[in-house]
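Report on the following structure.
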Amino acid sequence: MIQKLITGCLKSVLFHTPVCRAGLVAARFCGPAFLSNSSMSLLESAKKAAAFRAVDECVKDKDIVGVGSGSTVVYAVERLAERVQKEKLQLVCIPTSFQARQLIVENNLTLGDLSRYPQLDVAIDGADELDSNFVAIKGGGGCLTQEKIVASCAKHFVVIADYTKDSQVLGEQYKKGIPIEVIPLAYVPVMNKIKALYGGEVQLRMAKMKAGPVVTDNSNFIVDWHFPEDKFNWKDVNTNINLIPGVVDTGLFVDMADRAFFGYADGSVKEKTCSGK
């Protein structure tokens, strides 16, 4: 088993980093647990690199900043706080979730909301996957609706992620489906209608630390659509699913992001710009 894990890592891009080469040697002595922990730390390094680079390049003094949700955004808020302290930046931060609000408050950043700041200079958020046409899947953490609202109010929407989220087509690497937020009353009809329209499988997302389904910050349910391997026009799919009564919004972010930063374990960052923006 250890040999298989080591072989898999050798074939991956992680092998090209000095840290992973050292980890492979140590794994022969420490076993699979060490290899797993090493891989996780490498991904965290990649997330941090992307977040720091995006904040440094995309945020300036007096900006109104949309703060996304998820694990990569933690590093973005960390960097925002560092820059505010060192550079005395005057920023207002608009959260996309309860988690984002807590991060803003805990890091002593200025908290705002869309009622007072309806137009943002930039929104920075993670993604579960981004394809070559800059269509993103978001909502793995259940915050897709508020994330989309905040992103839609920003002059620039910037995606930050580790290199595993960079794909040519949706579903290439992310296998958990497209999240769709639904009114609880309508979740069964919505699932049936999505399946009738496009095929695949649709599942109600169940909670792990409570009995029953996941409940969003908006008190709704989430269904995950595991779409078939067909070529879809994602703009049309997004529109048609949103027309189903009971759907609040989808985790498809189409024609929204204009820049993306993908971090690597060695600290390097690949920047991509949407040609249509």
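The values are calculated or read from the model by the stated rules, or taken from the named source; none is laboratory data. Being a predicted model, the structure only gives us computed values, none of them experimental. Using ideal geometry, Cβ is built from the backbone for each residue, glycine included, and neighbour counts are taken over all protein chains shown. Heavy atoms of the whole protein, side chains included, go into the accessibility calculation; ligands, DNA and RNA do not. Shrake-Rupley method; radii C 1.70, N 1.55, O 1.52, S 1.80 Å.
When Ala33, Ala26, Ala46 are checked against the criterion of being buried (at least 19 other Cβ atoms within 10 Å of the Cβ) and either modelled with pLDDT of 95 or more or more than 20 Å from Gly263 (Cβ to Cβ) (or both), Ala46 stands alone in meeting it. Against the list (1) open to solvent by less than 80 Å² (accessible area, probe 1.4 Å); (2) more than 16 Å from Gly126 (Cα to Cα), the condition Ala211 fails is (1).
Only helices (runs of 4 or more DSSP H) wholly contained in region 66-155 count here; list those with 3 or more residues that are aromatic (Phe, Trp, Tyr) and surrounded by fewer than 21 Cβ atoms within 10 Å (Cβ to Cβ). Outline the logic, then answer.
Values: elements: 71-87, 98-106, 144-152.
Correct list: empty, since no element meets the threshold.
Of the strands (runs of 3 or more DSSP E) entirely within region 170-277, those holding at least 1 residues that are basic (Lys, Arg) occupy 259-263, 269-273. Out of the residues in region 252-276 that are polar (S, T, N, Q) and modelled with pLDDT of 95 or more, which is most open to solvent (accessible area, probe 1.4 Å)? My answer is Thr273.
Cβ-Cβ distances below 8 Å connect the following pairs, each with a first residue in region 130-147 that is farther than 23 Å from Leu204 by Cβ, a second residue that is among the polar types (S, T, N, Q), and a separation of six or more residues or different chains: Leu130/Ser167; Asp131/Ser167; Asp131/Gln168; Ser132/Ser167; Ser132/Gln168. Only one of the listed residues (Asp249, Asp224) is out of contact with any helix residue (DSSP H, G or I) (no Cβ under 8 Å at 6 or more places or on another chain) and either open to solvent by less than 70 Å² (accessible area, probe 1.4 Å) or over 27 Å from Cys274 (Cβ atoms) (or both). That residue is Asp224. Test Lys231 against the criterion of being under 18 Å from the mean Cα position of the chain (by Cα) and open to solvent by 20 Å² or more (accessible area, probe 1.4 Å), and give yes or no. In short, no.
Residues are listed down the side, and each one gets a yes or a no for (1) in contact with a strand residue (DSSP E or B) (Cβ under 8 Å, 6 or more places away or on another chain); (2) at pLDDT 95 or above:
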| site | (1), (2) |
| --- | --- |
| Val169 | no, yes |
| Ile180 | yes, yes |
| Pro184 | yes, yes |
| Tyr187 | yes, yes |
| Leu197 | no, yes |
| Lys210 | no, no |
| Val214 | yes, yes |
| Ser219 | no, yes |
| Ile222 | yes, yes |
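Please go through region 156-168 and give me each residue that is touching a residue at least 40 places away in the same chain (Cβ under 8 Å), surrounded by fewer than 22 Cβ atoms within 10 Å (Cβ to Cβ) and not in a strand (DSSP E or B), ordered by number. Once the filter is applied, which keeps residues that are touching a residue at least 40 places away in the same chain (Cβ under 8 Å), surrounded by fewer than 22 Cβ atoms within 10 Å (Cβ to Cβ) and not in a strand (DSSP E or B), region 156-168 yields Tyr163, Thr164. Whenever a residue of region 85-99 is over 17 Å from Pro118 (Cβ atoms) and modelled with pLDDT of 95 or more, its partners that are among the hydrophobic types (A, V, I, L, M, F, W, C) and not in a helix (DSSP H, G or I), lying with C-beta atoms within less than 7 angstrom and at least six residues away or across chains, give the pairs Ser97/Cys143.
Of all residues in region 71-106, those being within 17 Å of Lys47 (Cα to Cα) and either within 15 Å of the chain's Cα centre (by Cα) or of a type in the set (S, T, N, Q) (or both) number 8. Sub-8 Å Cβ pairs linking a first residue in region 199-211 that is on the phi > 0 side of the Ramachandran plot to a second residue that is outside any strand (DSSP E or B) and loosely packed, with under 13 Cβ neighbours inside 10 Å, at least 6 apart or interchain, are Gly199/Pro228; Gly199/Asp230; Gly200/Pro228, ordered by first then second residue.
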